[in-house]
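The values are calculated or read from the model by the stated rules, or taken from the named source; none is laboratory data. Everything quoted here is computed from the prediction, not taken from an experiment. Cβ sites come from the backbone with ideal geometry, for glycine too, and all protein chains shown count toward neighbours.
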Amino acid sequence: MEVIVNGLLTGGLYAATALGLSVVFGTLRMVNLAHGELLMVGAYLTSVLVVALGGDPLLLAIPAALILGLLAYPLQRFVLTPVMVRNADAPVTATFGVSIALQSILLLVFTSNPRSLNAPYATAQLEVLGVGVRVSLLIATAIALAMVFGVHLLLTRTRFGSRVRAAANDADAAGLVGIDVKHTFAMVLGLAAAVAAMGGALLALSYSASPSGGMTWLVTAFTVVVIGGLGSVRGTLVGALLVGLVQTLASRFIGAQYSDVVVFGLLIAILLIRPEGLFTKARRA
Amino acid sequence: MKLPKNRLMVAAALTVAAGFVLSGCASGGSGASTSASGGPIVIGSTLPLTGSLQAFGTSLQTGYRKAVDEVNAAGGLDVGGSKRQVTLDIQDNASDADKASSQARNLVLSDGAVALLGPATPQLTIPVSIAADQAQVPLISTITPLEAWKGGSSDGWKYAWDVFFDEDQMTDTQYQTADLVSTNKKVALFTDQEEDGVVMGGLWSSKASEFGYDIAYQAQFPVGNANFSSQVAEAKASGAEVVIAQVIPPDGIALLKEMKAQSYVPKLVFLEKAGNTGGYPKLSDGLAEGTLAANWFAKGMGLPDEDSFISEYASQLGGVNSDLGTVVYGYSIAKMLLDAISSAGSTDPDAINDAIAKISGDYPLGSVAFGDDHTSATVAVQTQWVGEDQVLVLDTQGKAANPIVTPTAGLQ
């Protein structure tokens, strides 16, 4: 029971770290290879604010998220969208370049040493019905749930969401009906970066962050998003819980050295059975 | 502007796979100097000045530069009766093995390096050693455990040399240190799947009974593992009072956080590799306070120039720690190479290589004499994190030095 609960809570953290990738994937149709670095930048930004201002890392993750969101807006507006217009495949390469650049900046500013966010609850444990639960993972799961439902509501129940969906479905048509597609796309990356910053702060609270750690988290997020279904925000949550659970069960009963084999085996199996992922409808012809 | 989702997924998968293969692009400049007779002598080095091994690279660079600067300040290196300036040509390999290998070749073929100074760790030193052997130019390396390095050449190295501790001796030190404390002699092993993790994990396992210890729990995990919840629970359930872990620094913090969350406070926690990061207790918000790590330098080892290196670099490097040891080792191997060039009396690579084989003497890292296998073993000691310093607790003779603080303070 303890393994299952801890696996699901680990999945909750994975949801927080994968949500930004899912949003970009689902709306901009873009594989954001800089997503892992956005997580790391979020963690480091929060760490800087904690050192500079003092205070709770979770509270300071909010301004860190705003800062990263503001920084991401012009990246999409003036770099990625113009690249996308010229060549639909090019943004993937561009985000790879952004990933390398961000990693290099982190290394130059903070060296290769890891950073950890500390708070009394970061290493605290609660006993719930006889099961030891790590408080930081409980918090991460709660925040992930809030972010998933918040983003889902934003994209499905607001005028902004309507504009995003219209622009994602057909940018040219959306432009003709007066939607500022470039601004909308930039807002989406800003939102995804802000969400990633929160995810980065949460992972640095439970574990640690390092300039070169982005790739590992990108791969986990990518697995979550593909299993959950491309572009499905709710699918991201379910995919994350599944990945966390399977990984923790595999670590416990087979050995941590085989957990990646099991998780990626699951990914391949799901791609074979349901290539569109668990929560995305198959494309109509 | 739209991509079909299946195309998108294929593109994504291919690009993520490419991401594993590719690495950092930063690189340093290179001089275009040569070592023509009478001109400056070029010594090349490809170092991890960025990337995950940056700490080793920057400390080695400090040591190399110190040795070269001293020679140049004294008027140059005496080669065959004439004083010649030495140019140190350093390039940044961004902790990437392929880049290190190609840079080593370029340093010799394009920049005219007559000899090379190595990067750190087997993952970088082995490819650079292969390049040196192929180019037939001598290379001296350090911060690379000997057995792993020797395993990089099936025929034995010809132009590459390595000065560091031997894994076999190093993996004794954890048990020798544990013998200094009263424990139930149950050990939990946490080793990652990097080459050194596999090698040392095997050695700790096989040696446990020899030292009277029992491996009560053993976990292996991929590098980058963050979720240690089930492993720590099992280690705690096993009742192990000694934890020996071989992990990279971020994974070490994740492990310590999980141990603290589960109130698992072993009497001794050896955090190898991760614990050799300067300022690790601070980086881990105090969790690493009281953890132990094998080391190659500490105050009280009785090494030549120990105090002068401490007074010159300790404050700059945040304490007496492994980074300072890496400076000492970098300085020492650079001095060895300069001595070899001087005693060879020429910049001919074969003459320098022969002179390296004959090195026998004391350097700041200790006594050096190479064997037929091109290695010279130093002695690993054990240190414990106390504030900013790694304090010597097991000396070069395998005996007690300073008292060990137990149980692990950072986990209490």
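Filter segment B:228-274 down to the residues that are charged (D, E, K, R) and crowded, with 24+ Cβ neighbours inside 10 Å and list them by number.
B:251, B:257, B:258, B:272
Six or more apart or on different chains, Cβ atoms under 8 Å: show the pairs whose first residue is in segment B:270-286 and within 12 Å of another protein chain (Cβ to nearest Cβ) and under 18 Å from residue B:223 (Cα atoms) and whose second is surrounded by 23 or more Cβ atoms within 10 Å (Cβ to Cβ) and aromatic (Phe, Trp, Tyr).
What qualifies is B:274/B:280.
Looking at B:94, B:67, B:73, which one is aliphatic (A, V, I, L, M), over 19 Å from residue B:114 (Cβ atoms), assigned by TED's automatic domain parsing to the domain that holds residue B:116 and touching a residue at least 60 places away in the same chain (Cβ under 8 Å)?
Every option except B:94 fails the conditions.
Any residue at all in segment B:26-40 that's modelled with pLDDT under 95, under 12 Å from residue B:90 (Cβ atoms), in the same structural domain as residue B:326 (by TED's automatic domain parsing) and not β-branched (Val, Ile, Thr)?
no
Of the conditions (1) of a type outside the set (Lys, Arg); (2) surrounded by 15 or more Cβ atoms within 10 Å (Cβ to Cβ); (3) under 25 Å from residue A:37 (Cβ atoms); (4) within 11 Å of chain B (Cβ to nearest Cβ), residue A:151 fails just one. Which one is it?
(4)
Any idea which of B:197, B:156 is within 22 Å of residue B:246 (Cα to Cα) and either small (Gly, Ala, Ser) or assigned to a loop (DSSP other than H, G, I, E, B) (or both)?
Of B:197, B:156, the one residue that is within 22 Å of residue B:246 (Cα to Cα) and either small (Gly, Ala, Ser) or assigned to a loop (DSSP other than H, G, I, E, B) (or both) is B:197.
In segment B:331-340, is there at least one residue being modelled with pLDDT under 95 and either touching a Pro at 6+ places or on another chain (Cβ under 6 Å) or not in a strand (DSSP E or B) (or both)?
Among the residues of segment B:331-340, not one is modelled with pLDDT under 95 and either touching a Pro at 6+ places or on another chain (Cβ under 6 Å) or not in a strand (DSSP E or B) (or both), which makes the answer no.
Could you list, in sequence order, the residues of segment B:189-214 that are in contact with a Leu (Cβ under 9 Å, 6 or more places away or on another chain) and surrounded by fewer than 20 Cβ atoms within 10 Å (Cβ to Cβ)?
Of everything in segment B:189-214, just one residue is in contact with a Leu (Cβ under 9 Å, 6 or more places away or on another chain) and surrounded by fewer than 20 Cβ atoms within 10 Å (Cβ to Cβ), namely B:205.
Does residue A:156 count as within 10 Å of chain B (Cβ to nearest Cβ), of a type in the set (Val, Ile, Thr) and part of a helix (DSSP H, G or I)?
Considered against the rule, which asks whether it is within 10 Å of chain B (Cβ to nearest Cβ), of a type in the set (Val, Ile, Thr) and part of a helix (DSSP H, G or I), residue A:156 comes out as no.
Between a residue in segment A:212-233 that is within 7 Å of chain B (Cβ to nearest Cβ) and any residue that is charged (D, E, K, R), which pairs come within a Cβ distance under 6 Å, given they are 6 or more apart or on different chains?
A:230/B:5
Listed here are the residues, each with its yes/no results for (1) within 30 Å of residue B:235 (Cα to Cα); (2) in contact with a strand residue (DSSP E or B) (Cβ under 7 Å, 6 or more places away or on another chain); (3) at pLDDT below 95.
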{"site": "B:133", "(1), (2), (3)": "no, yes, no"}
{"site": "B:138", "(1), (2), (3)": "no, yes, no"}
{"site": "B:145", "(1), (2), (3)": "yes, yes, yes"}
{"site": "B:148", "(1), (2), (3)": "yes, no, yes"}
{"site": "B:163", "(1), (2), (3)": "no, yes, no"}
{"site": "B:166", "(1), (2), (3)": "yes, yes, yes"}
{"site": "B:179", "(1), (2), (3)": "yes, no, no"}
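Results for (1) within 15 Å of the chain's Cα centre (by Cα); (2) under 21 Å from residue B:203 (Cα atoms); (3) in the same structural domain as residue B:103 (by TED's automatic domain parsing), shown as yes or no for each residue.
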position	(1), (2), (3)
B:140	yes, no, yes
B:143	yes, yes, yes
B:146	yes, yes, yes
B:149	yes, yes, yes
B:156	no, no, yes
B:159	no, no, yes
B:176	no, yes, no
B:180	no, yes, no
B:184	no, yes, no
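What tally of residues in segment A:22-56 results from selecting those that are facing another protein chain (nearest Cβ under 10 Å) and not basic (Lys, Arg)?
8
Looking at this structure, is residue B:327 assigned to a helix (DSSP H, G or I), buried (at least 19 other Cβ atoms within 10 Å of the Cβ) and not aromatic (Phe, Trp, Tyr)?
The answer is yes for residue B:327.
Out of the residues in segment A:82-111 that are on the phi < 0 side of the Ramachandran plot and in a loop (DSSP other than H, G, I, E, B), state the one that is farthest from the other protein chains (Cβ to nearest Cβ).
Ranking the candidates gives A:87 first.
Return the total of residues in segment A:52-67 being assigned to a loop (DSSP other than H, G, I, E, B) and surrounded by 12 or more Cβ atoms within 10 Å (Cβ to Cβ).
1
Would you mind listing the helices (runs of 4 or more DSSP H) fully within segment A:167-285 where at least 1 residues are within 20 Å of residue A:65 (Cα to Cα) and over 18 Å from the mean Cα position of the chain (by Cα)?
A:181-206
From the residues in segment A:112-134 that are free of Cβ contacts under 8 Å to residues at least 60 places away in the same chain and facing chain B (nearest Cβ under 8 Å), which one is farthest from residue B:277 (Cα to Cα)?
Among them, the one singled out is A:125.
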